[in-house]
Amino acid sequence: MLEFLFAQYKGYETIDIVLEIIAVVFGLISVLCAKKNNIWVYPTGLISTIIYVYLLLKWGLIGDMLINGYYTIMSVYGWYMWTRKKEGAVEYPISWTTKKEGRIAAVIFSITILFVILVYHWFEKFNDWTAYVDTFTTGIFFVGMWLMAKRKIENWLFWIVGDAISVPLYFYKGFTFSSFQFIIFTFIAVLGYIEWKRNLQKAISL
């Protein structure tokens, strides 16, 4: 069983395996902070995404690297947004996505898909079925990260879909630790959606 799960790591440098594990740990801490609506989601997430940018670039996984590069930028943006206050209150509390924001999300998804297609064609990466799945999940994750920065409940729905798809995808690519991470991410995303929805309902009833 262990051979089946971890055989792909035989050719990896020890430092890369250690870095992946560190990235996984901080990624899990980040998602748990997000579930609790805690601003530490961003600094802990930055550690994880920066490590993944390095590793994925080294491994030639351009699509995954783009996702984590975007995460890094959006973590800085989200960190700023979550600290903003208006008249002493949080300017962007937990809320549902408006119709206007829904349209913006659709535009982000479409532009992301187009961008990834162009990048993959440029680097000639459309040589495996995973590239097509990567294109879709990149769009999903880009929207999810943007909605999280806005503290929109629907961000969790995008994480649930993207994380669930990433479980077998990362295992197939040879990253077992990351695949396990996405299994946990999926469960946390479900709990995060429930908890944020409950918190909003409490805030409305006050």
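Every number here is computed from the coordinates shown, using simple stated rules; none is lab data. A quick note: this is a predicted structure, and the numbers were derived from the prediction, not measured. Virtual Cβ from ideal backbone geometry, glycine too; neighbours counted across all protein chains shown.
Of the numbered criteria (1) closer than 22 Å to LYS58 by Cα; (2) free of Cβ contacts under 8 Å to residues at least 24 places away in the same chain; (3) more than 10 Å from the chain's Cα centre (by Cα), the one THR176 fails is (2).
Scanning segment 40-93 for residues that are in a loop (DSSP other than H, G, I, E, B) and surrounded by 14 or more Cβ atoms within 10 Å (Cβ to Cβ) yields a total of 3. Flag not set for GLU101, criterion: acidic (Asp, Glu), surrounded by fewer than 20 Cβ atoms within 10 Å (Cβ to Cβ) and assigned to a loop (DSSP other than H, G, I, E, B). Just to be sure, is ILE153 among the hydrophobic types (A, V, I, L, M, F, W, C) and under 26 Å from TRP59 (Cβ atoms)? When the stated conditions are applied, ILE153 does not pass them.
Here PHE182, PHE187 are screened, and the one residue that is exposed (fewer than 15 other Cβ atoms within 10 Å of the Cβ) and closer than 16 Å to LEU28 by Cβ is PHE187. Here TRP96 meets the list (1) of a type outside the set (D, E, K, R); (2) under 22 Å from PRO43 (Cβ atoms); (3) in contact (Cβ under 8 Å) with a residue 40 or more places away in the chain almost entirely, failing just condition (2). For GLU124, the test of being closer than 30 Å to GLY11 by Cβ and either crowded, with 18+ Cβ neighbours inside 10 Å or not hydrophobic (A, V, I, L, M, F, W, C) (or both) is passed.
Residues in segment 67-90 that are more than 18 Å from the chain's Cα centre (by Cα) and under 19 Å from GLU154 (Cβ atoms): VAL90 only.
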